[in-house]
Amino acid sequence: MTELSQLFLYLPGMIIFLVGSGQVRNWFLARRADACVTAGVISCKHVVKKDKKDREIYNYYDVTVEYRNPKTGHKERLAVKSPTEYVTAQQVRMYWNRGGGKPVLAEYREEFLFHPWVTMIGGALLILLALEQNRGREVQAMVCLSLILIGAGLNLTIAYACLKKRRLQPLEAEIMALYTRQISRETKILKGAKYTYYPVVRYELNGQENFRRCNMNSSGKHTFRPGEFLTLYYDPESGDVLEKHARAGAAAVGLLLVLTGLLSGASILSVVL
């Protein structure tokens, strides 16, 4: 194996570790009581911009909130862009990034497939796996691989069980429009510009009409059609509206990964002993 190819073995682990460390940082930040503040919505204005072909290039809500700065004790107002519509006087949470001067609106986001800690530790194990493989230490490399498989499998299985326990309620939402985001332009190499399409939906919750630009998306323009319906999921305990529910397929994959990791670990013991 050439020196360049050996270096490339570290690349996936480094990328995953950096992504995971950023997620862990946000995870800590969201749980720091002194870093969060409650704000009230003053106004919410819908902003839609289209290109010459009548395709939406911007679809968001210009939200103005008022909060009390815990450092100064004074009330302050802040305008933020959000994919979600809020009603006047609605209470929202905001948090400060370390070193940042202004708070950030704590938007609800779909949970990551893997917990931030699992992602970061998995990236570190991938780096260690590449290191041991480059050193020719096959047993140590197999130990790292077994831990990665078992950890990923346990994460998927536990995440499925936790989401199932939340007893989510189906919520029917009507697709009102599509938000189109251009991700690449046409070049001499790439034929045709590439777009990603996000559904903008309307649903009723507790007798109130709500609008939301979903995080789910598709590269196909006709995947989501205005006038059609899709299912969201309401969590009555937290008040969150989720786009995904517990999927048995994820649990099955998790169990398969755990079994593969255990078999890999057993093979290591047979070699060592």
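The values are calculated or read from the model by the stated rules, or taken from the named source; none is laboratory data. These figures come from a predicted structure and were not determined experimentally. Using ideal geometry, Cβ is built from the backbone for each residue, glycine included, and neighbour counts are taken over all protein chains shown. These area figures cover heavy atoms from the full protein model, side chains too; ligands, DNA and RNA do not enter into them. Shrake-Rupley method; radii C 1.70, N 1.55, O 1.52, S 1.80 Å.
Miscellaneous remarks
- Under the span-like rule (Cα at least 20 Å along the axis, Kyte-Doolittle mean at least 1.6), DSSP H helices of the chain: 248-272
- Å² of accessible area per residue within the chain, as computed with a 1.4 Å probe and no ligands counted: 64
- Placing unit charges on the Cβ atoms of the charged side chains and taking the dipole of the chain about its Cα centre, the candidate lying farthest along the positive direction among 163, 229, 250 is 229.
- With Rh defined as the Kirkwood radius, the inverse of the mean 1/r over Cα pairs, the Rg/Rh of the chain is 1.04.
- Dipole check for the chain: with +1 at the C-beta of Lys and Arg, -1 at the C-beta of Asp and Glu, and the Cα centre as origin, the magnitude is about 720 Debye.
- Whether segment 214-273 is rounded, prolate or oblate, judged on the alpha carbon gyration tensor where a/c under 1.5 counts as rounded: prolate
- Descending Cα extents along the principal axes, segment 118-212, whole Å: 60, 51, 15
- Segment residue 69..residue 162, full-extension length gain: 30.0 nm, with 0.36 nm per residue of separation and the alpha-carbon distance subtracted.
- Cα pair distances exceeding 24 angstrom across segment 142-273, given as percent: 55
- Dipole of the chain [Lys/Arg +1, Asp/Glu -1 at C-beta], most positive-end residue of 266, 149, 84: 84
- Whole-percent carbon and sulfur share, accessible surface of the chain, 1.4 Å: 58
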